[in-house]
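Structure first, commentary second.
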Amino acid sequence: MDEPGDSPPWPKPAYAWFVLALLTLAYALAILDRVSIALLIVPLEHALHITDTQFGLLQGFAFSVVYSVLGLPLGLLVDRRKRAPVLVAGLALWSLATMGCALAQSFPELFVARMLVGVGEAALTPVATSLIADFFPLSVRPKAYGIFVTGSTLGTASALTLGGAFLSWSDGLIAGVPVLFGGMQPWQIVFLLCGAPGVVLALLLALTLREPARQGGGPLTEALSLRPLFALFRQRRRALGLLMLGSVLNLVCVYAIVGWFPALFIRAHGWTAAQTGKVLGLSSLPLSIFAAVNSGWVIAWLARRGHADAPVLVTIGCALSMVVFGTAACLAPSASWALVFYLLNALFVNWNTSATYTGLAQVTPNAMRAQVMALQTIASALVALSAGNFIVGFLSDRVFTAPDGIAWSLGTVFFACGVVATLVLAACRPAFRAAAAVQPADPAG
C-alpha cells in the first residue's frame, strides 16, 4: 500500500520529465513497429499470397498471443526487481524483430517475426506505467500519463506518414544503395527503417535511465505468487474489472482504426497507400496529441471538482466518440467526409488509454501496479488487438464482400463496441468511487 509516512523523496522534476520523454518515444516506436504493417497490406498480400483474414492475424493474433502470455509474468517480475533493464531488453528485442520481418519469405515466417515483436513489447506497459507512478506524485500523474500516451499518437502517425514516405523512398534506395538494399522489395525496406531507431533508443536508455525509489515502500520480496493480485480483484472486482472491460471495448475500435482505416481509404475511396499514409498521419497528428495531453488536464479538472471517478468519465467520452464519429467516418459517402469524421474522432481516441492508466493506478496499491497494468495489457492484446483486427478482416471476407465492404465491417465494430463500452463504464462508476475512497493516497510531491 502507499503509506505517506515512509516514502522517499520524489525524483527531481527535470529528470522525471526527461525520462518521461524517453518513455514516450519508446511508446511511439512500439506503435510504429506494431502498426507500420497496416500500410503494407497490398504488397504483402501480393508477395506472400495471404488473405485479408491472414493479414488480420498478422496484425493482431501473431503479436498479441505472446504479448499477452508474457504480460503477467513480466508484471510479477517488474514488481519485484529493477525495471530499467527489463525495458532496455524489451525495446532492443522488438526493434530487431521488426527489422527481421524484412527477411520473411512466407506467411509462417512473418507470423513468427511478428510474435517476436510481441515478446519485446510485452515489457513496455508494465515497466513504463510503474516507473511513471514513482516519478510523478498523484497531482501530476494524470498529466504525465497523458503525455506518455501521446507516444501512441506519434507512433501511429509515424507508421502512416513514415511508412508512406519509406514506400516512396524505397525505389531510390534500392537503385542508389545497392550494397545495402539491392534485391529487396519496398515492403522489406519499410520494416528495416522502422526498426532501426529502437536499437539506438535502447542504447540511450541503457546509459541514462536510473531506477527510481518506489513510493510507499520497496518492491515485493515474497516468492512469486498471484494470490495478492487475486485478493485485490476479489475486493475491487467491479471497479477494476468493469474499467478494464470498458477500456478494452474502446481499444477494439482503436486497433481497428490503426489496422484497417488505411484499407478503408484505399479500397472504398480509391486513395493510394502513400497518399493515405501522408494524409491520415499528418492530419490526425496534432489533434491526437492534443487529445492525449488534454485528457490528463480534463481528468485533473474533473477531480478538483469532486469527481472521484474522473478517469471513468473520460473513458466514457471516448466510447461515445466511437459510436458517433467513428461510425460516421466508416460509412461516410466520400473521402472528404470520412476524413472529417476521422479527425473529429481523433480528438477523443487517446482519452481512453491515459484515463485507464490513471484510473488503475488510482485504485491499485503501488506493490501491485505493474501486475494490474500487465492484466490490462493482456486483455488489450487478447481481446482488443486480436478482435479489432481479426473481426474486421473476417467480416470483410465473409459478410460484407463487396469492394467497399470494409466500410460496413468497420462501422459494425465501431457502433457495437462503442455502445457496449458506454454501458459497461456507466456501471463501473459507483464501484470505482468506492474503491478510490478506501485506497490510501500517494505522498505529496
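The values are calculated or read from the model by the stated rules, or taken from the named source; none is laboratory data. Computed from a predicted structure; not experimentally measured. The area values use the complete protein model at the heavy-atom level, side chains included, leaving out ligands, DNA and RNA. Shrake-Rupley method; radii C 1.70, N 1.55, O 1.52, S 1.80 Å.
Brief remarks follow.
- The chain: most fluctuating residue of Ala370, Ala308, Ala319 per GNM, C-alpha cutoff 10 Å: Ala308
- Note on Lys82: lysines with a C-alpha under 23 Å away, same-chain residues under 8 apart excluded, are Lys12.
- Of (i) 107, 54, 41; (ii) 64, 46, 36; (iii) 63, 48, 41, the label for Cα extents along the principal axes in Å derived from the coordinates: (ii)
- With the whole protein complex present, Arg238 retains an accessible surface near 130 Å², based on a 1.4 Å probe.
- Extended-chain gain in nm, criterion 0.36 nm per residue less alpha-carbon gap, Arg304 and Thr51: 86.0 nm
- Per residue accessible area in Å² of the chain, where ligands, DNA and RNA are left out and the probe is 1.4 Å: 37
- Helix-derived mean residue ellipticity, 222 nm - over the chain, DSSP H n ≥ 4, -39500 (n - 2.57), to 500: -25000 deg cm²/dmol
- Pairwise centroid distance, computed over Cα atoms, of segment 313-344 with segment 247-307, Å: 9
- Vicinal HN-Hα couplings computed from phi for segment 180-197 (Karplus, 6.51 cos²θ - 1.76 cosθ + 1.60; Hz; Gly/Pro x): 8, 10, x, x, 8, 9, x, 5, 5, 5, 4, 4, 4, 6, 6, x, 4, x
- Highest-fluctuation residue, Met99, Met322, Met373 considered, GNM on the chain with Cα pairs under 10 Å: Met99
- Inter-part distance where segment 390-417 and segment 8-61 are each reduced to a Cα centre, Å: 24
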